[in-house]
1. Which ones in segment A:54-64 are within 13 Å of A:Lys16 (Cβ to Cβ) and open to solvent by 50 Å² or more (accessible area, probe 1.4 Å)?
2. Which of the numbered conditions does B:Asp57 fail, given that it passes all the others? Conditions: (1) within 12 Å of DNA strand C (Cβ to nearest atom); (2) within 14 Å of another protein chain (Cβ to nearest Cβ).
3. Please work out which one of (1) of a type in the set (D, E, K, R); (2) open to solvent by less than 40 Å² (accessible area, probe 1.4 Å); (3) in contact with a Ser or Thr (Cβ under 7 Å, 6 or more places away or on another chain) is the condition A:Asp106 fails and give its number.
4. Any residue in segment A:127-138 that is in a helix (DSSP H, G or I) sitting within a Cβ distance under 9 Å of a residue that is buried (at least 18 other Cβ atoms within 10 Å of the Cβ) and among the charged types (D, E, K, R)? List the pairs, counting only those 6 or more apart or interchain.
5. Among the residues of segment A:185-196, is there at least one that is more than 7 Å from every other protein chain (Cβ to nearest Cβ) and either open to solvent by less than 60 Å² (accessible area, probe 1.4 Å) or farther than 25 Å from B:Gln147 by Cβ (or both)?
6. Failed condition for A:Tyr33, given (1) within 16 Å of DNA strand C (Cβ to nearest atom); (2) away from chain B (no Cβ under 14 Å), with all others met?
7. Say we look at segment B:32-43 and pick out the residues that are within 24 Å of the chain's Cα centre (by Cα) and among the small types (Gly, Ala, Ser); which of these is nearest to B:Lys16 (Cα to Cα)?
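The values are calculated or read from the model by the stated rules, or taken from the named source; none is laboratory data. Computed from a predicted structure; not experimentally measured. So basically every Cβ, Gly included, is an ideal-geometry build from the backbone, and we count neighbours across all protein chains shown. Surface accessibility is based on the protein's heavy atoms, side chains included, excluding ligands, DNA and RNA. Shrake-Rupley method; radii C 1.70, N 1.55, O 1.52, S 1.80 Å.
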Protein chains: 2
Amino acid sequence: MPGSDSARKLTPREFKRMKILRAAIEVFARDGYFSARMTDIAKAADVADGTLYLYFDGKEHLLLSVFDDALERFIDQLKREMKRLDDPLDKLKVMVRLHLEALGRDRALAHVLQIETRHSRKFMQLLSRGKLGEYLSLLNDIVKEGQDSGDFRGDVNTGLATNVIFGAVDELVNRWLLADEPGDLSQYQGPLLKMLCQGIVPCEFHEGAPG
Amino acid sequence: MPGSDSARKLTPREFKRMKILRAAIEVFARDGYFSARMTDIAKAADVADGTLYLYFDGKEHLLLSVFDDALERFIDQLKREMKRLDDPLDKLKVMVRLHLEALGRDRALAHVLQIETRHSRKFMQLLSRGKLGEYLSLLNDIVKEGQDSGDFRGDVNTGLATNVIFGAVDELVNRWLLADEPGDLSQYQGPLLKMLCQGIVPCEFHEGAPG
DNA sequence: TCCAGATGAATGAACGCTCATTCATAGTTT
DNA sequence: AAACTATGAATGAGCGTTCATTCATCTGGA
């Protein structure tokens, strides 16, 4: 179901573009970027091979478009939700929830975002400086805000904290992708946040910097 | 420098095998698995194309061998170090330190392990059930031991905690791989552990489960 | 309403290039 | 000279991309 995203009617061209993107997601997820064949994507989109090139510049551009399209949607949603909230911890909760929900809802997309777009360093760098960078920057802002307000510890490096949070969520999604019997991804939201907030060592044992 | 790993002399055959593995690491890291050409690996190993097939069953087997070889070495070292220690927190520290040091020492290897071996789900599943699974299992044991002894919180799911720790380390390595000006990877060991142990929220704010 | 002509989106067979792999030959050791 | 190891040019399958052709739709004159 392509359905209702921004509640606006799609032109025939936009509709076909989306059909191709959707097909690309399925095929990239099933076969992997390099093994996936343009012919198969065309077949899945119910479109001729050549048509792909009327909508996208080539295979690589198609993959990039999948990524950009998905992240743009997600970031827009995120920004909208953030406006309603003040408490940094609430913001963090919502961010993690949306992240897990968005990917939990669409395994194929999750696979493409998590695995297929990480092939070459060059490619990753492109992504990092684009939409992914924007996403990380949003997360970083939340952490910073929490530290400034005293809701979060001030004695951990902001960038490192951002890194740990993102890494934890990211890895959780990865493990869910590899699991034989997946279950609901967003069920981990609560426990994950608890661990990120409180750490693994009970308070009474906390000392200065370890190591 | 291939150098002194198990302090044993290598047969000529073992030596050439290692030379090929090393070359494969460099070329896979530089070009990515799919773009890398066997010819280039042969050239880098100073060996003819056909020779590769006297030592490995093909391109995919070569990538898998890089992974297995590196992880086997690492796991052996880890097990040796663990024997000397009792305190779970010390074990965790050492594990994180060795992880960061091993990859920090060899960027090309890090790149192959982090990026190139994650291409297809099928491939990842193979890895997860092999050496990578063994590594995760070691980490899981440490967390479990700490929880049983009361050194770590018992109220977080063991698997999830393992996941968060691994995800955090893994993502840290990823960001280091993408950085323009890398710096020393193991410098983050202390801060990373601190954050994993204490979380991001000060003790006085801790409550029951969030969400 | 009907039709001739114009438009450009869609098609898919064919092209051309890129490698992974092979194997006939050459070299080296015992 | 036999047995083992290495070589690297040749092979051929696979696949991204192109482009000559088709076809559905639109236009406007009768």
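1. A:Leu54
2. That leaves (2) as the condition not met.
3. Every listed condition holds for A:Asp106 apart from (3).
4. A:Leu127/A:Arg118; A:Ser128/B:Arg175
5. Yes; the residues of segment A:185-196 include at least one that is more than 7 Å from every other protein chain (Cβ to nearest Cβ) and either open to solvent by less than 60 Å² (accessible area, probe 1.4 Å) or farther than 25 Å from B:Gln147 by Cβ (or both).
6. (2)
7. B:Ala36
Results for (1) open to solvent by 50 Å² or more (accessible area, probe 1.4 Å); (2) more than 14 Å from DNA strand C (Cβ to nearest atom); (3) among the acidic types (Asp, Glu), shown as yes or no for each residue.
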site: A:Phe28; (1), (2), (3): no, yes, no
site: A:Arg80; (1), (2), (3): yes, yes, no
site: A:Lys83; (1), (2), (3): yes, yes, no
site: A:Val94; (1), (2), (3): no, yes, no
site: A:Leu98; (1), (2), (3): no, yes, no
site: A:Glu101; (1), (2), (3): yes, yes, yes
